[in-house]
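Heads up: the structure comes next, in structure tokens.
The values are calculated or read from the model by the stated rules, or taken from the named source; none is laboratory data. Worth saying up front: this structure is predicted, and the values here are computed from it rather than measured. Positions of Cβ are generated from backbone atoms using ideal geometry, with glycine treated the same way; all protein chains shown enter the neighbour counts. Accessible surface areas use protein heavy atoms only, side chains included; no ligands, DNA or RNA. Shrake-Rupley method; radii C 1.70, N 1.55, O 1.52, S 1.80 Å.
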Amino acid sequence: MTADQALEQIRPDLASIIAVKEQTLGSRMRAYESLGSKLGRSPTWIRKVLGRAPDVTVGLHDALNIRAAYERLCARVENAADALAAENQELRRELDAALSGDRTVAARASGSAVARASEAAPLGERVATTSAPVAPPAAAPRLRKKAAGELTDLPLFQMDRGR
């Protein structure tokens, strides 16, 4: 494998990793820094690889490190998708039980859902299992329509009122 071949094979994986890290970290520059520190490369090197700079080379060890990071990302995405699918399936079962009128199954299922939520959330992120009463939203104030020919309250038009 030549350096050019490694560069062309790795660039899409690198772009995918950066896109996910950008969403997670909220900044493309932070994504470059984070990935660069994990790969042992600078954020500038990553930008040059993505930007197809002619002076950048990708060695075999860089290509393997990027490929490993990409595979870890794919595994995390697949695990998250599997967890969501399992959770959706459990919610469907609870909904079916609730709609069929089987209150014992629905109560047991909702109790297990609360227990799962408290176990899954880290200690600092756990929320109360009972919901607090919520006040209804306040009605939006009604605005009266301006009569035809009436000036607005903008400063530009206030000068004309004095005349």
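Here are the numbers for the structure shown:
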{"item": "Enumeration of residues in region 18-44 that are touching a residue at least 12 places away in the same chain (Cβ under 8 Å) and on the phi > 0 side of the Ramachandran plot", "result": "Gly40"}
{"item": "Residue match in region 37-48 (condition: in contact with a Gly (Cβ under 6 Å, 6 or more places away or on another chain) and surrounded by fewer than 16 Cβ atoms within 10 Å (Cβ to Cβ))", "result": "yes"}
{"item": "Condition check for Leu73: modelled with pLDDT under 95 and either within 18 Å of the chain's Cα centre (by Cα) or surrounded by 15 or more Cβ atoms within 10 Å (Cβ to Cβ) (or both)", "result": "yes"}
{"item": "Yes/no for Arg52 being on the phi > 0 side of the Ramachandran plot and open to solvent by 70 Å² or more (accessible area, probe 1.4 Å)", "result": "yes"}
{"item": "Identity of the residue in region 16-30, more than 10 Å from the chain's Cα centre (by Cα) and in a helix (DSSP H, G or I), that ends up surrounded by the most Cβ atoms within 10 Å (Cβ to Cβ)", "result": "Ile17"}
{"item": "Failed condition for Glu94, given (1) open to solvent by 40 Å² or more (accessible area, probe 1.4 Å); (2) modelled with pLDDT of 90 or more; (3) more than 23 Å from the chain's Cα centre (by Cα)", "result": "(1)"}
{"item": "Criterion: modelled with pLDDT under 90 and surrounded by fewer than 17 Cβ atoms within 10 Å (Cβ to Cβ) - qualifying residue of Asp82, Asp4, Asp62", "result": "Asp4"}
